[in-house]
Structures are given as C-alpha cells and as structure tokens.
Amino acid sequence: MYKIPNTTSKEIAKILKNRLFGNNDVIEYISTDTRENFYNNTCYVALKGSSFNGNEFIDDAIKKKCRLVITDKYINSKIPIIVVNDTKKAFGLLAKAFSQKTNVIGITGSVGKTTVKEMLALVLKEKYSVLSTYKNENNEIGVAKTLLSVENNDYCVVEMGMRSQGEIAWLSYIAQPNISIITNCGTSHLEMLGSEENIFKAKTEIINNTKKYVIIPYEKRFITYSYQNVEPIFIGRDIEYFNVCYYENGLKFSIKYKNITINDIELCTFNINNVHNALFAIVVGVICGLSNEQIKQGLRKYKGENMHEETTQIKGITIIKDCYNASYESVKGAIFSLKKYAEIKNLTPYLLLGDMLEIGETSQEYHYRIGELAKDLGIKNLFAIGKYAKYLTDGYSGGIICNDKKEMAKIIMNRLNENDVILVKASRALKLEKIVEEMKEIKNE
C-alpha cells in the first residue's frame, strides 16, 4: 500500500493519458495486492506478469471498496476504471508522479550492482535516512515500488536490472536519478542483446535521464562516450585504490580521490572485485558530504548475505554460498577469492559450479575457460551441474558431474571435511542453494 498526495481519479487519468470511466473520486492510496487491507480511497492497479494476472483479483478489490481500478481490459463495473495498454507502465508513471522528493541514485551494470547498492546504502546511512531497493526487485515493477515507498528519506538507492533494450531508459525515466552508476558492461545478457556493443548501449541509457553525475569505469567505450549535461567520474582514473592487503576477516586498502586520501578501509570480503565495487560507494559518499571515517564505518558493515558470498558451515565444512547470479567475470573473481580465502584460513579449496546463463554462443567456451582457471589455481576438485557441466569439467581435466541435487549433496558431504572450503556459484535459475539445503538435511540424519 502506497500513500500518495490527495489526487482525483481524473488527475490520475490525465497522468496516464487515458480516459476515466465512472465517478471522479479522491484517491489517497495505491495498491497492487488485494491481500492488503485497503484504506479509504484506494486505487487498485491490476499488474500483469509472466506468472500472475491482477485482473483476476479485481472483484476482490471491489469487495474491499476500492475507489478506482487501473486495468488493461474494459470491465462493466460500478467502480470507476481507467483502461491502459500496459499496467506496469501505468504503475511506473504513477511512481514518477507521486514518489516523494528525494535524491535518487540509480545503479545498473552487468555484474556488481546489488553489491554496490548494499555498500552505498550502508555508507549513506552513516549520515542520512536512506531507502534502497529490496533484495533484487530491480525490474519495472520493483523500481516503481521502491520509488513509491519513499517516506521523508534523504536518499533513495535504486537498482535497475534489464533484459532488453529500452528497459534502463524507462526505469531511469521514472526514477530521474541525481547520480547514476554503471558498474560495468560485461558478458551478461549477450544471449538477449547479441553483442557487447548492444549491452553498452542498453546500460548507458541511464545517462540521458541523469541530472548531475554519472560514475563509470575508466574504459575506452566510456571515455569516448559523449556526456551532455552530466559530469562523468571515472573509476580507475579519478579515484584509484592502492595498498591492498588481506587479513583474517577480509581486505584492507587505501584510495585517492581528487585531493582526498582514505587509508585502511576494511571490507569483510576476500573478493578483490569488491574493492572496485566499494569505489563507487566512496565517490558517492564524498559527493554527499560524508567524512572519511563515516565512509569507512559504512563499508566496514558490509557483509555478504542473501546468497552473495554468504559463508556458513555444515559438519565443519566451510561453504561460501554465492549463487545469487553468475557471469563469466563474476565467477572468475569468485574463484580467485576462494583461493585467497583458503590460503588465509589454511583450508583446501573446492568448487561447486553450475551454468552461467545468458552469454549466448560463447557459453561453451566460457565454461571451458572457467574449468581451466580452476585447474590453474590449484582448486582441489570441481563438482559440476547443469547443461554446461561437461565444458567445465573438460576445462578442468577432471571433476565430477551430477545433475541430481540430492545426490550431489551426498557426494560432497562424503568427500569433504572440516579442513575444506567449497564455493557454490551459478546463475540464479539453477538454484544451487538447494544443494546446500540438502547438505544440511544429510547432516541432521
């Protein structure tokens, strides 16, 4: 349920550029879920997705005495309705119109955007009231929900995902970020967009709707991009890190940004990629007036969770659960991180890998390369699951393939002990966390 300024149904129809059928009532709340308790003067938006259809619940909304329904099909009803072509787009327009004034920071990129979002929110919270995208709600519905959830927050950190051209343009249009971040443009989405150049074009759509700053990697494509009405800040040129070292709980490093030097920044992670991710949060922290100590304190609170480098133990075996998503670049970084973690903790490293999806025709090659890297880095053994498991094990010149999650859990539990650590990583669709859950069940038997 989202509170909006008192607005008439006709005014909402005008925002959506559609006709109102029925009475012109005052609207105070917007809901997309009829399981909620409806307040007086609620507008119900019948959202549709691949696995749900809000039109099926219009009768429920009417029973709860909603005052307006926004739907994509005409219904004969005593309740006023507005018929639109796309209810998700309509919901986005409502978010643009009614989200409270705040400083929006938009984040997109092939990999790392969720980590950067978490780091940045932690840093800004050292001084300000901050709202950020919940978990991975980074599509057109999730972004609109985040914007409508703002309540007197100084900053709103919005993660923006995409699956096709034009999606980032739309999300940034409704969010209107003051500052935008593009973490990188890698191989994710190759299958859908066809080329890295198309991925670059899709990610840079955010720039056209950005008001002040865009923070991007210091790479040729970004260097030669034509920036208009926005100031580019380059990670790797305008801000750089140095003196990286590992300690028992993670990483320490220093940075230099313009005339500012911050020493002994601590991150509770062994993944060197997260030093790069932290630079985005540091730049925004400086822009937003945080002190060096506030920035350090915020980053010190970062820890992997929600299947991002989430560490646990089962029967003494250390498990690094990093199965939120996977691209070629992120898997490489995770394996290097595993190797370093094992060295510092004096453990033997193992890998449980599944498919890296959405990388198109290069899939076989990239899975083979990952297997090669695992062998080169001295990973003790590779357990593989999924369509491309054979290419992982071919590159590794060995390993174990098993496509039954329960059986794979038994194999791992029989082969590993308290002196071992295993990284679990794959694209989200493979749900490799279920193997970890099976391992817990075996432990309890």
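The values are calculated or read from the model by the stated rules, or taken from the named source; none is laboratory data. Everything numeric in this text was worked out from a predicted model, so none of it was measured. No Cβ is skipped: glycine too gets one built from the backbone with ideal geometry, and neighbour counts run over all protein chains shown.
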Can you confirm whether segment 300-318 contains a residue that is in a helix (DSSP H, G or I), surrounded by fewer than 23 Cβ atoms within 10 Å (Cβ to Cβ) and touching a residue at least 12 places away in the same chain (Cβ under 8 Å)?
yes
Filter segment 68-91 down to the residues that are crowded, with 23+ Cβ neighbours inside 10 Å, of a type in the set (V, I, T) and in contact with a Cys (Cβ under 7 Å, 6 or more places away or on another chain) and list them by number.
I70
I need the full set of residues from segment 68-93 which are among the hydrophobic types (A, V, I, L, M, F, W, C) and part of a strand (DSSP E or B), in order please.
L68, V69, I70, I81, I82, V83
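Those residues that are under 14 Å from A97 (Cβ atoms) and in contact (Cβ under 8 Å) with a residue 12 or more places away in the chain, I need them from segment 13-27; list them, please.
Residues satisfying the conditions are A13, I15, L16, N18, I27.
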Would you confirm whether any residue within segment 17-31 is at pLDDT 95 or above, surrounded by 15 or more Cβ atoms within 10 Å (Cβ to Cβ), under 29 Å from the mean Cα position of the chain (by Cα) and not in a strand (DSSP E or B)?
no
Would you check if L423 is touching a helix residue (DSSP H, G or I) at 6+ places or on another chain (Cβ under 8 Å), within 13 Å of I320 (Cβ to Cβ) and in contact (Cβ under 8 Å) with a residue 60 or more places away in the chain?
yes
For the subset of segment 296-316 comprising residues that are farther than 22 Å from I255 by Cα and charged (D, E, K, R), which member is modelled with the highest pLDDT?
K315
Name the one entry in G316, G285 that is outside the structural domain of G112 (by TED's automatic domain parsing) and of a type in the set (G, A, S).
G316
The helices (runs of 4 or more DSSP H) lying wholly within segment 327-413 that contain at least 3 residues that are surrounded by fewer than 20 Cβ atoms within 10 Å (Cβ to Cβ) and out of contact with any helix residue (DSSP H, G or I) (no Cβ under 9 Å at 6 or more places or on another chain) are 328-345
Exactly one of these conditions fails for N243: (1) touching an Asp or Glu at 6+ places or on another chain (Cβ under 9 Å); (2) at negative phi; (3) at pLDDT 95 or above. Give me its number.
(2)
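Of the residues that sit in segment 341-367 and are modelled with pLDDT of 90 or more and of a type in the set (S, T, N, Q), which one is farthest from L392 (Cα to Cα)?
Step by step, filter segment 341-367, then rank; the result is N346.
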When you go through V143, V150 one by one, which is the residue that is surrounded by 24 or more Cβ atoms within 10 Å (Cβ to Cβ) and among the hydrophobic types (A, V, I, L, M, F, W, C)?
V143
Those residues of segment 57-77 that are in contact with a helix residue (DSSP H, G or I) (Cβ under 8 Å, 6 or more places away or on another chain) and more than 13 Å from L47 (Cα to Cα) come to a total of 4
Show the residue pairs meeting these rules: Cβ distance below 7 Å; 6+ apart or different chains; first residue within segment 51-62 and in contact (Cβ under 8 Å) with a residue 40 or more places away in the chain; second residue surrounded by fewer than 12 Cβ atoms within 10 Å (Cβ to Cβ).
none
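At least 1 residues that are β-branched (V, I, T) and free of Cβ contacts under 8 Å to residues at least 12 places away in the same chain in each: list the strands (runs of 3 or more DSSP E) lying fully within segment 154-271 that qualify.
Hits in segment 154-271: 260-267.
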State the number of residues belonging to segment 40-67 that are assigned to a loop (DSSP other than H, G, I, E, B) and surrounded by 14 or more Cβ atoms within 10 Å (Cβ to Cβ).
6
I'm checking my understanding of the structure. Among residues of segment 94-136 that are hydroxyl-bearing (S, T, Y) and not in a loop (DSSP other than H, G, I, E, B), which one is nearest to N184 (Cα to Cα)?
T108
Quickly run through segment 263-321 and pick out the residues that are under 19 Å from N243 (Cα atoms) and among the acidic types (D, E).
D264, E266, E293
Could you give every pair whose Cβ atoms fall below 9 Å, whose first residue belongs to segment 383-395 and is in the same structural domain as L351 (by TED's automatic domain parsing) and among the charged types (D, E, K, R), and whose second residue is surrounded by 21 or more Cβ atoms within 10 Å (Cβ to Cβ) and not in a loop (DSSP other than H, G, I, E, B), counting only separations of at least 6 or pairs across chains?
K390/H367; K390/A384; D394/H367; D394/G371
Residue by residue through segment 397-436, note down the ones that are among the charged types (D, E, K, R) and within 30 Å of the chain's Cα centre (by Cα).
D404, K405, K406, D420, K425, R428, K431, E433, K434
